[in-house]
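**Q** Following this message is one structure expressed as structure tokens.
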Amino acid sequence: MDEVVTMADVTASTRSAPSSSSSTLPFNAPLLSAFLAFAIAQILKIFTTWYKEKRWDSKRMLDSGGMPSSHSATVSALALAIGLQEGAGSPAFAIAVVLSCIVMYDASGVRLHAGRQAELLNQIVCELPPEHPLSTVRPLRDSLGHTPLQVVAGGLLGCIIAFLMRSSN
């Protein structure tokens, strides 16, 4: 009996066939854009701290808060890179945009206000008498969130990185 091979069979077999480059990691522009935007934003915090406070503080590279927002840079780079690769009508782009909006809103809203509350609580604890049980409590981290300008700067940085990564392909 003769076997009929359809175009769908050929397409399926070529997709499932291992390629010669299967041992290497595939180039994933959205993922690389997101990681690169995060790294650049964290490195930039050292320079923006120096500009603002006239001192070098390499610990800023590991902290949250500050200029620019690395969270905003990461999610905006991811969203734009997906949009450039998949198109603005793709479900992946829609998910990335919604995720970006949530992260940026949280950075400039909830986390910013939590940081301000921590700052006030630290001041209250500092004013307690030495015999008070809370007078020796470690200070809370107060650099948690971002101002709207820091969020916008991070978002722009992420978009620039995603666009440059797209152009380099």
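**Q** Step by step: first the residues of the range 2-33, then only those that are farther than 25 Å from Met104 by Cβ, assigned to a helix (DSSP H, G or I) and hydrophobic (A, V, I, L, M, F, W, C), then the one that is modelled with the lowest pLDDT. Which residue is that?
**A** Val10
**Q** Determine the pairs where a residue that is farther than 19 Å from Gly66 by Cα, located within the range 109-135, has a partner that is part of a loop (DSSP other than H, G, I, E, B) and of a type in the set (Ser, Thr, Tyr) with Cβ atoms under 6 Å apart, the partner being 6 or more residues away or on another chain.
**A** Correct list of pairs: Leu128/Ser135.
**Q** From the list Leu112, Leu144, pick out the single residue that is within 16 Å of the chain's Cα centre (by Cα) and either exposed (fewer than 15 other Cβ atoms within 10 Å of the Cβ) or at pLDDT below 90 (or both). It would help to see each step written out before you state the result.
**A** Numbers: Leu112 fails: within 16 Å of the chain's Cα centre (by Cα).
Every option except Leu144 fails the conditions.
**Q** Being more than 23 Å from Thr48 (Cα to Cα), surrounded by fewer than 12 Cβ atoms within 10 Å (Cβ to Cβ) and of a type in the set (Lys, Arg): is that true of Arg166 here?
**A** no
**Q** Right, here's the next one. Going by the conditions given, is Ala118 at pLDDT 90 or above and either surrounded by 15 or more Cβ atoms within 10 Å (Cβ to Cβ) or among the β-branched types (Val, Ile, Thr) (or both)?
**A** So Ala118 fails the test.
**Q** Considering only the range 70-80, I want to know if a residue exists there that is at pLDDT 80 or above, surrounded by 12 or more Cβ atoms within 10 Å (Cβ to Cβ), of a type in the set (S, T, N, Q) and more than 20 Å from Ala41 (Cβ to Cβ). Don't jump to the end; show me each part of the working.
**A** So the first thing to find is which residues in the range 70-80 are at pLDDT 80 or above, and the list is 70-80.
Now restrict to residues that are surrounded by 12 or more Cβ atoms within 10 Å (Cβ to Cβ): 70-80.
Then drop every residue that is not of a type in the set (S, T, N, Q), which leaves 70, 72, 74, 76.
Now drop any that are not more than 20 Å from Ala41 (Cβ to Cβ), which leaves none.
No.
**Q** Then there's this: Taking the range 34-65 only, how many residues are at pLDDT 75 or above and of a type in the set (Gly, Ala, Ser)?
**A** Looking only at that region, the number is 4.
The values are calculated or read from the model by the stated rules, or taken from the named source; none is laboratory data. Bear in mind that the values here come from a model prediction, so they are computed numbers and not experimental data. Cβ atoms come from the backbone with ideal geometry, glycine included; neighbour counts cover every protein chain shown.
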